[in-house]
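One structure is given here, and the rest of the page talks about it.
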Amino acid sequence: MKETNFVEVVKVKDGVFIDPQPHIERILRTTLHFFSKPLTLQLTDDLVPVDLRKGIVKCRIVYNKEIISIDFEPYKIRNIQHLAIVEDDTIEYRYKYLNRNAINDLLKYRKDCDDILIVKNSLVTDTSYTNVVFKDPHGKLYTPTSTLLAGTKRQRLLGADIIHEREILVSDISSYVGVYLINAMIDIEDNLFIDIHSIH
């Protein structure tokens, strides 16, 4: 039987790993759950290729019981201006599987939008590759409790009391002014922000 593979993405800035510990811990938890034996690794800055020690770089780790590959590449934030609301009541992505077919299958419904906002059982979850943070008219920031994958950046912002969890129904979307997209590579300060009228 073929083993399930997983992926972890860690941000590198000017040759330094940014907040790698939550990623290491998720690899530990995932392998303990699926293989009953934790996989430990160290992410030291000397792993970063010399020619990629300037600017923002994406470190991509593929693993199962053991590390399959660790790759580095320059990273540029995608230009996302419109989100298509797509509903799927059975989708599961609690663990960061390398196989993203369930999510990729939904992308065909994005029409002329740049990405999708996935709704499960009438509850807002994530886009195809980020967690979401809604901004209300008072400037307060909320992330859905019903996220598909509890991302490391989302957890850090919750822990810092910068964002707060809230159940967000698809019918609640119009009560916000817009939504920030966040993941390990993208901070709120990067301002990848979609106006609420650009979510269809």
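Read-outs: derived from the displayed coordinates by stated rules, not from any lab. The structure presented is a predicted model; accordingly, all values stated were derived computationally and were not measured. So basically every Cβ, Gly included, is an ideal-geometry build from the backbone, and we count neighbours across all protein chains shown.
Just name the residue that is surrounded by the fewest Cβ atoms within 10 Å (Cβ to Cβ) out of those in segment 18-51 that are of a type in the set (A, V, I, L, M, F, W, C) and closer than 17 Å to ARG94 by Cα.
LEU32
Looking at the structure I just gave you, is SER128 free of Cβ contacts under 8 Å to residues at least 24 places away in the same chain and of a type in the set (Ser, Thr, Tyr)? Talk me through it step by step, then tell me what you get.
Values: free of Cβ contacts under 8 Å to residues at least 24 places away in the same chain: no; of a type in the set (Ser, Thr, Tyr): yes.
No: the conditions fail for SER128.
Which one is surrounded by the most Cβ atoms within 10 Å (Cβ to Cβ) among residues in segment 175-191 that are small (Gly, Ala, Ser) and within 14 Å of PRO137 (Cβ to Cβ)?
GLY178
Suppose we filter LEU28, LEU43 for residues that are closer than 24 Å to ASP187 by Cβ, in contact with a Pro (Cβ under 9 Å, 6 or more places away or on another chain) and either without any contact (Cβ under 8 Å) to a residue 40 or more places away in the chain or in a helix (DSSP H, G or I) (or both); which single one remains?
When all the criteria are applied, what remains is LEU43.
Show the residue pairs meeting these rules: Cβ distance below 9 Å; 6+ apart or different chains; first residue within segment 87-103 and in contact (Cβ under 8 Å) with a residue 24 or more places away in the chain and within 23 Å of ARG29 (Cα to Cα); second residue hydroxyl-bearing (Ser, Thr, Tyr) and exposed (fewer than 15 other Cβ atoms within 10 Å of the Cβ).
Pairs that qualify, where the first residue is in contact (Cβ under 8 Å) with a residue 24 or more places away in the chain and within 23 Å of ARG29 (Cα to Cα) and the partner is hydroxyl-bearing (Ser, Thr, Tyr) and exposed (fewer than 15 other Cβ atoms within 10 Å of the Cβ), are TYR95/THR4; TYR97/THR4; LEU98/THR4; ASN99/THR4.
What number goes with the only condition from (1) in contact with a Ser or Thr (Cβ under 8 Å, 6 or more places away or on another chain); (2) at positive phi that ARG26 does not pass?
That leaves (2) as the condition not met.
Let's see how each residue does on (1) out of contact with any helix residue (DSSP H, G or I) (no Cβ under 9 Å at 6 or more places or on another chain); (2) closer than 26 Å to CYS59 by Cα:
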{"position": "LYS120", "(1), (2)": "yes, no"}
{"position": "THR143", "(1), (2)": "no, yes"}
{"position": "ASP161", "(1), (2)": "yes, no"}
{"position": "ARG166", "(1), (2)": "no, no"}
{"position": "ILE199", "(1), (2)": "no, no"}
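Can you pull out every residue in segment 1-17 that is over 28 Å from ASN101 (Cα atoms) and either in contact (Cβ under 8 Å) with a residue 60 or more places away in the chain or buried (at least 17 other Cβ atoms within 10 Å of the Cβ) (or both)?
PHE17
Scanning segment 143-174 for residues that are closer than 14 Å to LEU123 by Cβ and among the β-branched types (Val, Ile, Thr), which turns out surrounded by the most Cβ atoms within 10 Å (Cβ to Cβ)?
Per the stated criteria, the residue is THR143.
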